[in-house]
Amino acid sequence: MRNSSLLVLCSFLAASSARAQPVQTINATQAQSSIRIDGRFDEAAWSSAPVASGFTQHLPSSGAPATQSTEVRILYDNSAIFIAFTLNDTAPDSIAATLARRDFAGYSDWAHVYLDSYHDRRTAFRFSVNPAGVKSDAAISGDELGNEQPGWDAVWDAAVTRDSTGWRAEFRIPLTQLRFSSVASGDGQTWGLQLGRRIARRNELSVWAPLPATASGFVSRFGELRGLAVRSGRRLETVPYVLGRVTREPGARANPFYRPNQLASSVGADLKYGLTTDLTLTATLNPDFGQVEADPSEVNLTGLETFLTEKRPFFVEGADIFQMEISEASWIHGTEEVFYSRRVGRAVQGRPPRDADYVDHEQAARIIGAAKISGKTSNGFAVGLLSAATGAEHAEFVTGDNSGRVMIEPRTSYSVLRVNREALQGRAAFGSVLTATLRNITDDVSMIPASSYVGGLDGRLRFGPDNGWDLSGSFIGSRIGGGARAIDAVRRNSVHRHQRPDATHFDYSPGETSLAGYSATTSVGKNDGSWRGSLGAHLISPGFDANDLGFHTSSDVSRAHFLLGYQDLRPARFRKWWGWWNTWAAFTQAGEQTGLGTQLNGNVEFHNLWFLAGAARRDQSVLSPTILRGGPALRLPGRSRLSLSLASDPRRTVATTIAGSVTRGDQGELIKRIAPALTLRPSPRAEVWIQPVIQWTRDPAQWLGQFQDSGTPVHLAGSLDQTTASLTTRLNLSFTRDLSLQVYAQPFSSEGRYGTLRQVVSPRAGNFANRFRDVAATRSGSGYSIDRDLDGQADFLVGDPAFDVKELKTNVVVRWEMRPGSSMFLVWSQGRNGSAADVNRPDDLWTDARDLFRLPATNVLLLKVSTWVGW
């Protein structure tokens, strides 16, 4: 009864204020003969197909007629959809036809096909081709332009031709690659359809179904493809692979585990099977992601985990159906998600014995297999079920004359179930999520929880004029269980810090075998028109923990934010411009203020396509309950940040970006960062992107650790001078549209030196001089003797906190798509890493860069061949 009442209320709000919009339509014609994909349209069936034309601009002049005419025809048969684009151009010599690897997103003309085959007005599939025949595809979710998962790689084909009138593009999209219901009325099936064209030299995007630049929604504004009579049969696809790898790495000859050259081989397979007309099973057995680019280097002194982007194809494909955010204001608080797929195959969490002389173990848990069932039913339910298993990992070690073997990662299963119900033609949705992490732990003293469960509900509603307003909310609960040591380790980690001595609103008592909590969030916002904004609140209890299969960096927090913006996308004095103001506040549940700030952002695109962006941010002085890693809450001084970036015309052969920022704290902190970038396109086949980044940090109170002086805990900080530099280089070279070379290289160096050491004496004091007191530090061996009371007697010893980290990561990938869905990868990767102990201490950045190549290198050469077979 409650659900029915809620649905009636939502219907009233949405229907009473929505404006009726005319819908572009085109009828599909069934082909009576075979269609050859050659870009020529010389089959008789094309001449009788209806024509979609009258494209209008989305950008830069929203609603104006496209500057170049486009005509599109659509046919279908029992196995595929065929689309023919005639893209006329009055300046054919200016057509940008970049030859690149599949899913290239850079400078080029494009023809786009968007199919909402479920006709849910929220999700779609994009298929694109450029004048050089380069293909790109993506799955779209969330009804927003640009909200794409490019890792979705369908098996389809396209061909192009060029002449003095422009260019032509011909698509063949197999029905097996789409997801739709076979249920239809007597007039046939109706799909959502959008057709698009990008003209690179004008930075113009035109579309068939009008798409106002200031309106909310994307898929919900599609036109309609009517009259289809197709069936979604049982689909079976498999992609088996074989792989060979040789690894050459440095090591000590005395190490019994050392092999200078290690050979390895493996086989595995990916599989897709249509369980029903609505649901698809996707599975991977013994996957290997050796062709995936390495994560960027970093030195993280915050104590908080870094969010890493998912790059593995199995987890990227269809990731949107499992997505549920813990907090919606990610631009302020960072990314927080219920399902974070990087947990599967994560770094091992155990460690071998500290006194071991030699150790051999894998760095990450091996994925045995994973499977997911996903799809959308005809009555509006979107379902996603994913399960993955990683094997137990052991470390072999030698200590003196003794050897042994110890488990460092238990066998683990990960599962996530996501269900969404669309209503009101996509204007409302209600969903639920459940995740489970189960580990095969055989003892009660493990430091890892044995189980973790997270469940939640969420909903959204679009209402108001033109459905431009959004109301959303969620409630999530969590519970982890295990031995007392494991639960205590979670309560003491960087998310919780329950052991801090000044917390009065929760009890910390070691010995608990479970931890439970909740998260609740709500927001309302306006997402169309020139004026936009949102207002939201979020509450996380002290016991909430979703990090076994999700990602968040804080608990025990109440937050609120307000966002207001204005955008003008009508070409006038500028091509377009927009500005945003937002402010936020955060408190613990005891009322301790942990966040208070405001930020202004402004962006301008000029008519010559130069782009200027700037931001000014102010954070007020607040308390941090976690910065002392379990000590009392420490007052942080206020800080101000100013950033600016200027980008040149991206159409040019040489394009540059100059970006930098300055952060200045109220009590001595200073961070300066410059990050210019250079893009070179010496030919339509090649692109080089180079970005050096240099950051100088001066922090008068960087936390060093908690030490004991006769049983008294002492928190030390030090004045840090840190220089971090990196140079990221990417080279993309295409020999044909199916054969490409990609090079990624990133030298990285971070050097930190400490001056005055300080003890935290009054952590909540408003003045820096009252919060800290200098201590006497005398060099003693490889560390320092600390005299904290300045009586001339050493109280305790600390190690030298200085660091000098150097890394060089290189990936070279040759990719050959032998035929649609079948590929060969030849990969060479090299890693060099070390510290000041391995090279001479550098005098400057140039010496630093030279010394990188003196570090020992690990080289990996990999050959992977996969082939697609479909029935």
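The values are calculated or read from the model by the stated rules, or taken from the named source; none is laboratory data. Not measured: the values here are computed from a predicted model. No Cβ is skipped: glycine too gets one built from the backbone with ideal geometry, and neighbour counts run over all protein chains shown. These area figures cover heavy atoms from the full protein model, side chains too; ligands, DNA and RNA do not enter into them. Shrake-Rupley method; radii C 1.70, N 1.55, O 1.52, S 1.80 Å.
Can you work out which of the residues in segment 327-356 that are at pLDDT below 90, in a loop (DSSP other than H, G, I, E, B) and under 16 Å from the mean Cα position of the chain (by Cα) is nearest to residue 601 (Cα to Cα)?
Across segment 327-356, the extreme among qualifying residues is 329.
Cβ-Cβ distance below 6 Å, separation of 6 or more or different chains: which pairs start in segment 668-679 with a residue that is surrounded by 17 or more Cβ atoms within 10 Å (Cβ to Cβ) and end on one that is outside any strand (DSSP E or B)?
Partner pairs satisfying both residue conditions: none exist.
Could you identify the single residue in 479, 462 that is more than 24 Å from residue 595 (Cβ to Cβ), in a strand (DSSP E or B) and either of a type in the set (S, T, N, Q) or in contact with a helix residue (DSSP H, G or I) (Cβ under 9 Å, 6 or more places away or on another chain) (or both)?
462
Taking segment 312-326, which residues are assigned to a loop (DSSP other than H, G, I, E, B), at pLDDT 85 or above and not aliphatic (A, V, I, L, M)? I'd like the intermediate steps shown before the answer.
Going through segment 312-326, the residues assigned to a loop (DSSP other than H, G, I, E, B) turn out to be 312, 317-318, 323-324, 326.
Subsequent filtering for residues that are at pLDDT 85 or above retains 312, 323-324, 326.
Once the filter is applied, which keeps residues that are assigned to a loop (DSSP other than H, G, I, E, B), at pLDDT 85 or above and not aliphatic (A, V, I, L, M), segment 312-326 yields 312, 323.
Check whether at least one residue in segment 395-410 is assigned to a strand (DSSP E or B), over 22 Å from the mean Cα position of the chain (by Cα), small (Gly, Ala, Ser) and crowded, with 17+ Cβ neighbours inside 10 Å, and report yes or no. First the steps, then the outcome.
First, the residues of segment 395-410 that are assigned to a strand (DSSP E or B): 395-399, 402-409.
Now narrow it down to the ones that are over 22 Å from the mean Cα position of the chain (by Cα): 395-399, 402-409.
With the extra rule that they be small (Gly, Ala, Ser), the set shrinks to 395, 403-404.
Then keep just the ones that are crowded, with 17+ Cβ neighbours inside 10 Å; that gives 395.
Yes - at least one qualifying residue is present in segment 395-410.
Taking residue 431, is it in a strand (DSSP E or B), under 19 Å from residue 320 (Cα atoms) and open to solvent by 20 Å² or more (accessible area, probe 1.4 Å)? Even if it seems obvious, please write down each step before you answer.
Values: in a strand (DSSP E or B): yes; under 19 Å from residue 320 (Cα atoms): yes; open to solvent by 20 Å² or more (accessible area, probe 1.4 Å): no.
Against the criterion (in a strand (DSSP E or B), under 19 Å from residue 320 (Cα atoms) and open to solvent by 20 Å² or more (accessible area, probe 1.4 Å)), residue 431 does not qualify.
Test of understanding: among 494, 514, 509, which residue is surrounded by fewer than 17 Cβ atoms within 10 Å (Cβ to Cβ) and either among the aromatic types (Phe, Trp, Tyr) or farther than 30 Å from residue 386 by Cβ (or both)?
509
Of all residues in segment 482-516, which are of a type in the set (A, V, I, L, M, F, W, C) and not in a strand (DSSP E or B)?
484, 486, 487, 489, 490, 495, 503, 506
Among the residues of segment 357-373, are any within 20 Å of the chain's Cα centre (by Cα), assigned to a loop (DSSP other than H, G, I, E, B) and either under 12 Å from residue 412 (Cβ atoms) or not hydrophobic (A, V, I, L, M, F, W, C) (or both)?
No - not one qualifying residue is present in segment 357-373.
Specify the residue that is farthest from residue 531 (Cα to Cα); the eligible residues are those in segment 590-621 that are surrounded by 16 or more Cβ atoms within 10 Å (Cβ to Cβ) and among the polar types (S, T, N, Q).
594
Give the residue that is nearest to the chain's Cα centre (by Cα), with candidates limited to residues of segment 103-129 that are open to solvent by 30 Å² or more (accessible area, probe 1.4 Å) and charged (D, E, K, R).
103
Rundown of residues vs (1) small (Gly, Ala, Ser); (2) touching a residue at least 60 places away in the same chain (Cβ under 8 Å); (3) touching a strand residue (DSSP E or B) at 6+ places or on another chain (Cβ under 8 Å); (4) not in a strand (DSSP E or B), yes/no style:
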| site | (1), (2), (3), (4) |
| --- | --- |
| 127 | no, no, yes, no |
| 138 | yes, no, yes, no |
| 152 | no, yes, yes, yes |
| 155 | no, yes, yes, yes |
| 159 | yes, yes, yes, no |
| 167 | no, yes, yes, no |
| 170 | no, yes, yes, no |
| 173 | no, yes, yes, no |
| 179 | no, yes, yes, yes |
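I'd like to verify a number: residues in segment 261-287 that are among the charged types (D, E, K, R) and at pLDDT 85 or above, how many?
Going residue by residue through segment 261-287, those that are among the charged types (D, E, K, R) are 270, 272, 278.
Within this subset, residues satisfying the condition of being at pLDDT 85 or above are 270, 272.
The number of residues fulfilling the criteria is 2.
Go through segment 275-316 and report how many residues are among the charged types (D, E, K, R) and touching a Pro at 6+ places or on another chain (Cβ under 8 Å).
Of the residues in segment 275-316, 1 are among the charged types (D, E, K, R) and touching a Pro at 6+ places or on another chain (Cβ under 8 Å).
Inside segment 377-394, can you point out the residues that are at pLDDT below 90, open to solvent by less than 20 Å² (accessible area, probe 1.4 Å) and more than 24 Å from the chain's Cα centre (by Cα)?
Selection gives 380 alone.
For segment 130-174, how many residues are small (Gly, Ala, Ser) and within 24 Å of the chain's Cα centre (by Cα)?
Number of matching residues: 8.
Here is a list: 270, 288. Which entry is within 20 Å of residue 389 (Cα to Cα) and open to solvent by 60 Å² or more (accessible area, probe 1.4 Å)?
Matching residue, one of 270, 288: 270.
I need the full set of residues from segment 77-102 which are crowded, with 21+ Cβ neighbours inside 10 Å, at pLDDT 95 or above and either assigned to a loop (DSSP other than H, G, I, E, B) or of a type in the set (Gly, Ala, Ser) (or both), in order please.
84, 89
Residue 112 is checked against (1) in contact with a Pro (Cβ under 9 Å, 6 or more places away or on another chain); (2) assigned to a strand (DSSP E or B); (3) not polar (S, T, N, Q) and fails just one. What number does that condition carry?
(1)
Among the listed residues 573, 559, 617, identify the single one that is free of Cβ contacts under 8 Å to residues at least 24 places away in the same chain and among the basic types (Lys, Arg).
None of the other options fit; the residue is 573.
All but one of (1) closer than 13 Å to residue 336 by Cβ; (2) at pLDDT 95 or above hold for residue 562; state the number of the condition that does not hold.
Just one mismatch for residue 562, condition (1).
Cβ-Cβ distance below 9 Å, separation of 6 or more or different chains: which pairs start in segment 477-496 with a residue that is over 10 Å from residue 515 (Cα atoms) and at pLDDT 95 or above and end on one that is surrounded by fewer than 18 Cβ atoms within 10 Å (Cβ to Cβ) and hydrophobic (A, V, I, L, M, F, W, C)?
From segment 477-496, the pairs are 477/516.
Looking at 584, 577 in this structure, which one is part of a strand (DSSP E or B), surrounded by 17 or more Cβ atoms within 10 Å (Cβ to Cβ) and modelled with pLDDT under 95?
Details: 584 fails: modelled with pLDDT under 95.
Only one candidate qualifies: 577.
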